[in-house]
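A short worksheet on the structure shown next.
The values are calculated or read from the model by the stated rules, or taken from the named source; none is laboratory data. Since this is a predicted model, take the numbers as computed values, not measurements. Here Cβ is always computed from backbone atoms with ideal geometry, including for glycine, and neighbour counts include all displayed protein chains.
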Amino acid sequence: MRNLHTETGNWRAILFCATALAVVPVSHSHATDTVEAVTTPITDAVDSPDLDAVDDVLIADTGTTSEIFSEEYFFSDLPIVFSATRLAQPVSETPVSMTVIDQEMIQASGATEIADLMRLVPGMQVSNYGGDRYFVTYHGRADLYSRSLQVLVDGRSIYDPVIGGVSWTDLPLALEDINRIEVIRGSNAAAYGSNSFSGVINIITEQPSKLQGTLVKASVSNKHTRQVLLRNAGVIGDLDYRLTLNFDEAEGLKTRHDDSTANWLSFRGDYAVNQNNKILFQAGYSNGTQQEGFEGNFWNKPRDTDSTSSFQQIKWTHTTDTDSEYSLHFFHNYIELDDTIIFQHPLTGPIDLITGFSYESHRYELEFQHLLNPTPDLRLAWGTGLRHDNSKSPETLNQDSAAIRNQIHAFINAEWKPTESLTFNLGGMVEKYEGFSGLFSPRVALNYSPIKNHTFRISQSRAYRMPNVWEEQIDMMFRTTGGMPIYQLHKTTEVPDPEEINTIELGYLAAFESIPLTLDVKLFKEKIKPVINYAWDASTRCPACVLDDGAGNFKNDGKMEIDGFEIQLDLDITEDTDLHVVYSHLDASGWQVSRYGGDGLPNGEMDMREAVPEETYGILLSHRFDNGIELSSGYYHTGKLIWLDPGDEVDSYSKWDLRVAKKFKLNDAEIDVAAILHNITDDDYQEYYQVNQAQREFHLQVGVRF
Amino acid sequence: MDASYLAKKYTAVRWKSISPTASYYSGCSAAIIRQFLTVSLFWALALSILTVSAFNSAEAATPKVLIVKSGSVSVYNNIINATKERVSRICSDTSSGCKKASISIKAVSINKQLRSIAKNKKWDLIVTVGTKAAERINSLKINTPVLYSLIPSSSYPRIRSRSSSQSRSAIYIDQPILRQLKLIKAAMPNRKKVGVLLGKYSGIGKQKLMQIIRGSGLTPVIMHVNRNNIGNRLENIYSRIDVLLAIPDPSVYNKHSVLKVLLSSYRHRVPVIGYSAAFVKSGAAAGIYSTPRNIGHHIGDEIGKYFSNNMRLSPPAHPRYFTVNTNRRVISSINIKVPSRKTIMSRIRKAK
């Protein structure tokens, strides 16, 4: 029965788990009532069959060991691995609904992109922008940036401050390096920080000690993707490390100008200073090119863009002997996009005009966290941190200086388990952005298990999404190469307020030990008000511009409600056959202004029902044969929806995938060959843009591990 | 015929009582009686010489045991207290062999005086507690019978080979494999695939172990590991097993590796069966081990038995008494069902 538990490998997860674990401190859990079999001794004659098994080699070696093998070995203390802060947590005690995608499921899905895995999560939609650029959203209402999802990789938020979303393409992370992905379905800012608005994708990479050795993997496809992945992991003294290198080339969709390359390098080091202190260090660098634009579009014309990103992350964790844990976490993300567009406009003739989306952003974050168990039935996690964002984009912000945004925050989460069947979770985060008023995001949840294996949950939460730098201060125009303003494309005239979401959720979870079945049902109501809407605003003026007829603007006009239910079912039909089924039904209502007149009053609005697909579902069935062959098939359906500007309305579609793989050994090497078919039926469904037409994809992957 | 042999004979006679059996007399001739008297005389002489030279004391009738502990920490003291408690209980029991004479027990640590104390011929039995004490006594080259206790079964052959005493035995610190398997069957009957990681000090070969596990109706998955490959092997083995049986071996389970072993165990939701209280405290789902008290009681039994059984030591054995412990937080976290310790214990007792 997989996916029943949360991983606790990174700090946010730890925080989260700390808020929800129900435990008795270690001091209470051991040696409470040991039982001595004084009355009925087991006789040695029966129980000592292994006496003769001692051989001379063992004896000869004993003296040379640095490890003590004497009674001290049996009576000396071991580090308390199992502590409140580290243990996996039964899903029945979490204050949220979640989906866990483990490495086994990642492989079975045949996904070649991280984003594609989100089809295995109820309520998630995945789309292809073109090339190797994918994006995901939870409950629709999205453009290509997945702005409302928080995405963490080992506790590092990869949410970019400028675009206000996630650039999956730049992520130096291989599917092969992931241990598991925990997707929190619903807002949870109290535990995962700001922008955990509609949901959280929490990616936990594999510990290097699990990956020891070298992996060489090559993939090709009929889409002309060529990928080579090299990985080496090992142990040097007390340091476990992993180094991964990736070279990627893709020709993308037939109908788009979207060739891309992505070359990256990532490193993870886990250093055990001593029993109580450990340090995690990670760094990555990525460089790639993406083709952009459309034939026939005079300014968003076909062109090559170039992006570079890097990150550094260090986390120190100190575990005390009294079952509390302190951690200090620092990271820096850097993204640079080079996308300057020089074009000629029919109206201005041969004069070169210039615009573009180039930007450069740094995010620095430092956070302290303390996890503790003040009493056996109470667990606490609290912490505080600061963040500094520094974004430069002369082309989109119309200023040479950097846009600076500082934030400070503090959070606390408490889990109280007064009885075996009741768990209360209370949490909240206060954050203060420079120039904005303070925000408070609370969460309250009650889990009740009247009968063993059956849990009911009720929870309520509020979260905010801060406007990103573009939403806050975009000022993008066409100019002459000499700098004369020609035409305003986008301009924020008034800084919008953060979006606010209020959610109430009812959950039911059935998890059995006797039958390998887990069923998770969630009913919910989400209210988003205010929203940040993007609209054409004829009243937005550019007096200096040659052509002044309005521009795109970000405002706070609209509201939205989504009611619905989600079902997730995991069934291990046999030990080697697994079934994963997800279904979501969303019923949205609401509107947002899509156009303002010259007087600044709304004169057009979008029905937000259309931005949310009514039905999304997915089925993944996998089987492992005794001879090492793995067979799996996934079927995914997404209902009709309109992607927000600049996306299009796309029809509902289904995608059927198949994977056949075989693992075998050759001398000392483990070889893994996989053939993957995406969209078996060669359906020409559309994704994001109507012009993005899918085709059947055939991928062949060969991995050698030694 | 060396001195220890004589001493043994002498003490055996003393404990068995000198009077021959009735059948010995039946139909005996004068020659036989004469021979008997000669032998008796010889023995009487030998006895008196030994009494004077070795014991040099009026308390010659009280059997004396020297317990040598490897240190002064509480573990050893708890063992010795339990031993003494056990011996006095046995000797107060009228059905036991030591009812008439109480046994004198002296406990000492390894120190400079040990040589002179131990070399003193007055000891009927030396009990070592722990590996250091065993090695120290061996280094003294004395012939007194020795019971080596609190040593890993895998190191006994080495200790035995260095022992100069002809009469020796051991009470190990570790549990017999079968008993550990009984715990698995009692605590988690649905878990059939048992994983075992073997290292260089595990003290049992793969084939032998497979045989034992199969013999218990379980399916073995056994892997050899070392410090460098344990991470990978753990991932591999956890994905194939229902339960991991930890066999004490510092090259496999140590302060550094236990983190990996247990964290992987939680991730795979595979319970670990530990071999010590510390292992269960650290995060194994359950454990079977002998506490100092358990071992002390076994030593006490063995001392009583020794003096009531012809000065014969029992064969080397795993601890007779043991403790079952569970870590409820781990059990609930990995979502398995495990009965109470009492139930587990009674199931283990009932298992044949």
Checklist entry - If you check A:D651 against the conditions, is it closer than 25 Å to A:P122 by Cα, loosely packed, with under 15 Cβ neighbours inside 10 Å and of a type in the set (D, E)? => result yes
Checklist entry - For the stretch A:566-579, does any single residue satisfy the condition of being among the hydrophobic types (A, V, I, L, M, F, W, C) and more than 23 Å from A:V96 (Cβ to Cβ)? => result yes
Checklist entry - Across the stretch B:193-225, what is the number of residues that are in a helix (DSSP H, G or I) and among the hydrophobic types (A, V, I, L, M, F, W, C)? => result 4
Checklist outcome for this item: In the stretch A:406-432, residues that are under 30 Å from A:E360 (Cα atoms) and surrounded by 21 or more Cβ atoms within 10 Å (Cβ to Cβ) total 4
Checklist entry - Which ranges mark the strands (runs of 3 or more DSSP E) fully within the stretch A:498-607 that have 2 or more residues being closer than 26 Å to A:T94 by Cα, without any contact (Cβ under 8 Å) to a residue 60 or more places away in the chain and within 26 Å of the chain's Cα centre (by Cα)? => result A:499-511, A:517-528, A:558-574, A:577-596
Next on the checklist: Looking at the stretch B:104-128, I want the residues that are among the aromatic types (F, W, Y) and have a partner that is not in a helix (DSSP H, G or I) with Cβ atoms under 8 Å, at least 6 apart or on another chain. Which pairs are those?
Outcome noted: B:W123/B:K64; B:W123/B:V65; B:W123/B:L66; B:W123/B:T144
Next on the checklist: Quick check on my filter: what residues within the stretch B:110-135 are away from chain A (no Cβ under 14 Å) and hydroxyl-bearing (S, T, Y)?
Outcome noted: B:S116
Checklist entry - Can you name every residue in the stretch A:502-527 that is touching an Asp or Glu at 6+ places or on another chain (Cβ under 6 Å) and either more than 30 Å from B:K337 (Cα to Cα) or at pLDDT 95 or above (or both)? => result A:T503, A:K522, A:F524, A:K525, A:K527
Next on the checklist: So A:N274 ticks every box in (1) surrounded by fewer than 17 Cβ atoms within 10 Å (Cβ to Cβ); (2) of a type outside the set (F, W, Y); (3) touching a residue at least 24 places away in the same chain (Cβ under 8 Å) but one. Which box is left unticked?
Outcome noted: (3)
Next on the checklist: So for the stretch A:511-529 (the condition being of a type in the set (S, T, Y), touching a strand residue (DSSP E or B) at 6+ places or on another chain (Cβ under 6 Å) and over 30 Å from A:E575 (Cβ atoms)), does at least one residue qualify?
Outcome noted: no
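Yes or no, residue by residue, for (1) within 30 Å of A:L397 (Cα to Cα); (2) under 27 Å from the mean Cα position of the chain (by Cα); (3) not in a strand (DSSP E or B):
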position	(1), (2), (3)
A:G427	no, yes, no
A:V430	yes, yes, no
A:R443	no, yes, no
A:P450	no, no, no
A:T455	no, yes, no
A:I458	no, yes, no
A:M477	yes, no, no
Checklist entry - Which one of these is of a type in the set (V, I, T), at the interface with chain A (Cβ under 9 Å from one of its Cβ atoms) and farther than 19 Å from B:N77 by Cβ: B:I348, B:I331? => result B:I348
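To keep it simple, each residue is scored yes or no on (1) aromatic (F, W, Y); (2) within 14 Å of chain A (Cβ to nearest Cβ).
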residue: B:I137; (1), (2): no, no
residue: B:K141; (1), (2): no, no
residue: B:Y148; (1), (2): yes, yes
residue: B:S154; (1), (2): no, yes
residue: B:R158; (1), (2): no, yes
residue: B:S165; (1), (2): no, no
residue: B:I171; (1), (2): no, yes
residue: B:Q175; (1), (2): no, yes
residue: B:L181; (1), (2): no, yes
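Listed here are the residues, each with its yes/no results for (1) closer than 30 Å to A:E325 by Cα; (2) away from chain B (no Cβ under 14 Å); (3) at pLDDT 85 or above; (4) touching a strand residue (DSSP E or B) at 6+ places or on another chain (Cβ under 7 Å).
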| residue | (1), (2), (3), (4) |
| --- | --- |
| A:T85 | yes, no, no, yes |
| A:V96 | yes, yes, yes, yes |
| A:V100 | yes, no, yes, yes |
| A:R119 | no, yes, yes, yes |
| A:V126 | no, yes, yes, yes |
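Rundown of residues vs (1) surrounded by fewer than 21 Cβ atoms within 10 Å (Cβ to Cβ); (2) over 30 Å from A:L366 (Cβ atoms); (3) not hydrophobic (A, V, I, L, M, F, W, C), yes/no style:
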| position | (1), (2), (3) |
| --- | --- |
| A:F267 | yes, no, no |
| A:Q282 | no, no, yes |
| A:S309 | no, no, yes |
| A:K315 | no, no, yes |
| A:P346 | yes, yes, yes |
Checklist entry - Looking at the stretch B:281-289, is at least one residue of a type outside the set (G, A, S), touching a strand residue (DSSP E or B) at 6+ places or on another chain (Cβ under 7 Å), more than 7 Å from chain A (Cβ to nearest Cβ) and farther than 17 Å from B:A186 by Cα? => result no
Next on the checklist: Any residue in the stretch A:653-667 that is over 30 Å from A:Q686 (Cα atoms) sitting within a Cβ distance under 6 Å of a residue that is part of a strand (DSSP E or B) and at pLDDT 90 or above? List the pairs, counting only those 6 or more apart or interchain.
Outcome noted: A:K662/A:I629; A:K662/A:V673; A:K663/A:D672; A:F664/A:I671
Checklist outcome for this item: Filtering the stretch B:248-280 down to residues that are surrounded by fewer than 24 Cβ atoms within 10 Å (Cβ to Cβ) and either of a type in the set (S, T, N, Q) or more than 8 Å from chain A (Cβ to nearest Cβ) (or both) yields B:S251, B:N254, B:S257, B:S264, B:H268, B:V270
